[in-house]
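Quick notes on the structure that follows.
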């Protein structure tokens, strides 16, 4: 029977051991959380769309704008129905 290598404090993985990237992320989140979230949203492969209570576009990331063939700036302030086909518009409820 072979015993597993014994963990020591200097090489034990687990909650007490952090890699450099996670430590850097923790530091960045503490110092500049909005910048970190902005970088995540802007680099996402998914389209992200924020609308207000009147369904007007207040934010889109570049990925969503690219998917729809628009510039992100041109989408701002426009109602979500401007980007729907007739069937989608008929399902939209104010």
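Numbers at a glance
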item	result
Two-decimal ratio, the range 47-94, of alpha-carbon radius of gyration to 2.2 N^0.38 Å	1.08
Fewest-first ranking of 86, 51, using other Cβ atoms within 10 Å as the exposure measure	86, 51
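Quick note: the coordinates plus some simple rules give every number you see, no bench work behind them. Remember, it's a predicted structure, so these values are computed and weren't measured experimentally. Ideal geometry is used to build each Cβ from the backbone, glycine not excepted, and the neighbour counts take in all protein chains shown.
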